[in-house]
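Asker: To start, I am sharing the structure in question, which I have written as C-alpha cells.
Read-outs throughout are calculated quantities, based only on the coordinates presented, and are distinct from any laboratory measurement. Since the model is a prediction, treat every value here as computed from it, not as a measurement. Here the Cβ positions follow ideal geometry from the backbone for every residue, glycine too, while neighbour counts run over all protein chains shown.
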Amino acid sequence: METLTEILIKNGMAGRVVSTSAVSDLVAGSRQRRWGLVHRALESGELIKLKRGLYLLDPALTGQTVSVYSIANRLVPESYISMETALSYHGWLQEAPVAVQSCIPSGRSRSYGNPIGEFVYRTLPALGSDYYLGVNRNEISKNVYMIAGIERALGDTLYFRQSEWRGISGLCDELRIDMSVLEELDITLLGKLEEFYRSRSVRLLLRRLLSALGGEQ
C-alpha cells in the first residue's frame, strides 16, 4: 500500500502546501483511511503540520523548499507580507524579524507557530477601497505570495509603530535604515497611500515625508 508521502510526491505536491481537501482528492477510500495515512506521515516526520488542515512534506525528504512567504499567505489566505519582514525583503533592513509579519483586512490579530517558523498577522483597517494598494504578487518556482512594496511596507510599519514625525533623520534612526534608501520610494504611490490609512497621525506623517522628499501632493 502506498504511503501518503508517495502519493503526494507522485502527484506533484512536493514543495507545495497541502490542504485537507487536496488529501481528500488524491487519496481514495474512506475518511478513516485518509486520516490514518496522514497520522502515520506525521508520526514518521515525513509530513509537517503547519496548522489544522494544512501540511507540508518535509523539505529534507523531498529536496524542495517552500518559501516562508508562500506559507504565510496560505496560513491566512487574505494576508500579505508586510512591515519589517517586507522592508527586510526589499533590502531596507539588514536583519529580518524572527517572525514573518503579515497584515490582514479584518478579524482578530493572530499568530501561528510550527516547525517552519513563527507567523504573525495584524489587522489593518483602511479607508481606501483598494486594500491591496502597493501590494505585489510574486512567484518563484511554484511559490506564489503577496508582499507589500517598499512604500506600503513603510506605511504599515509606521501605522503599527504609531510613529510621530521627527524629520527624515529621526525616521531613519527609528527604523534603523540608511537615508539613501528613501530615494527608492515611488512618490506618486506614497501620495496615494497618504489617504489610505484610517490613522490621522500616519496620514500626517506620510504628508510630511512627501514634503521632505520634495514630492508634496
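Asker: Which angle from 0 to 90°, rounded to the nearest 10, does the C-alpha axis of helix 200-212 make with the longest principal axis of the chain?
Answerer: It is inclined by approximately 60 degrees.
Asker: What size of dipole, in debye to the nearest 20, comes out for region 4-62 about its Cα centre when the only charges are +1 on Lys and Arg C-beta atoms and -1 on Asp and Glu C-beta atoms? Write out the running numbers ahead of the final one.
Answerer: Details: 9 positive and 5 negative charges, 52 e Å.
The dipole of region 4-62 has a size of about 240 debye.
Asker: Would you list, by chain and number, the aspartates and glutamates whose Cα falls below 15 Å from the Cα of LYS192, excluding same-chain residues fewer than 8 positions away?
Answerer: Partners found: ASP130, GLU151, ASP156, GLU216.
Asker: 222 nm [θ] for the chain, helices only, -39500 (n - 2.57) per DSSP H run of 4+, per residue, to 500? Provide the component values of the computation, followed by the final result.
Answerer: Numbers: 10 runs with 89 residues, N = 217.
When only DSSP H runs of four or more count, the value is -11500 deg cm²/dmol.
Asker: Across 10 Å bins from the origin, how do the percents of Cα pairs in the chain run, short distances first?
Answerer: 8, 31, 28, 17, 11, 5, 1
Asker: Could you point to the residue in LEU154, GLN101, LEU133 farthest towards the positive end of region 97-164's charge dipole, with +1 and -1 charges on the Cβ of Lys/Arg and Asp/Glu respectively?
Answerer: Most positive-ward Cα: GLN101.
Asker: Continuing with the same structure: Where does each of TYR131, TYR112 land when they are ranked from fewest to most other beta-carbon atoms within 10 angstrom?
Answerer: In order of increasing Cβ crowding within 10 Å: TYR131, TYR112.
Asker: Of LEU193, VAL181, HIS90, which is farthest towards the positive pole of region 68-212's charge dipole, taken about the Cα centre with +1 and -1 on the beta-carbons of Lys, Arg and Asp, Glu respectively?
Answerer: Highest projection toward the positive end goes to LEU193.
Asker: Between the helical axis of 150-161 and the dominant principal axis of the chain, each derived from Cα atoms, what acute angle in degrees is found, rounded to the nearest 10?
Answerer: The answer is roughly 80 degrees.
Asker: Give the peptides 37-43, 201-207 in descending order of average Cβ contacts within 10 Å, highest first. Spell out each step's value before the answer.
Answerer: Working: 37-43: 16.1, 201-207: 18.9.
Put in order of decreasing packing, that is 201-207, 37-43.
Asker: Could you size up the charge dipole of the chain around its Cα centre, putting +1 on the beta carbon of Lys and Arg and -1 on that of Asp and Glu, and report it in debye to the nearest 20?
Answerer: On the way: 25 positive and 24 negative charges, 204 e Å.
Its charge dipole is roughly 980 debye.
Asker: Now for a different question. Of the trypsin sites (Lys or Arg not before Pro) in region 90-125, which ones lie in a loop per DSSP and count no more than 10 other C-beta atoms within 10 Å? List each step's numbers first, then the result.
Answerer: Working: sites: ARG108, ARG110, ARG122; in loops: ARG108.
For trypsin sites (Lys or Arg not before Pro) across region 90-125 that sit outside H, G, I, E and B with at most 10 neighbouring Cβ atoms in 10 Å, the list reads ARG108.
Asker: Determine the shape class of region 33-80: with a ≥ b ≥ c the square roots of the Cα gyration tensor eigenvalues, call it rounded for a/c under 1.5, and otherwise prolate if a/b is greater than b/c, oblate otherwise.
Answerer: Details: a/c = 3.45, a/b = 1.45, b/c = 2.37.
It is oblate, given that a/c is not under 1.5 and a/b is not larger than b/c.
Asker: While we're looking at this one, here's another question. Place +1 on the Cβ of every Lys and Arg and -1 on the Cβ of every Asp and Glu in region 68-212, take the dipole about the Cα centre, and give the residue among SER79, VAL144, TYR69 whose Cα lies farthest towards its positive end.
Answerer: Of the options given, the answer is SER79.
Asker: Could you list SER24, SER88 in order of exposure, starting from the residue whose Cβ has the fewest other Cβ atoms within 10 Å? If you can, show how the numbers build up before the last one.
Answerer: Working: SER24 12, SER88 16.
By the 10 Å Cβ count, ascending: SER24, SER88.
Asker: What lysines does LYS142 reach when the alpha-carbon gap must be under 27 Å and sequence neighbours fewer than 8 apart in one chain are set aside?
Answerer: LYS10, LYS49, LYS51
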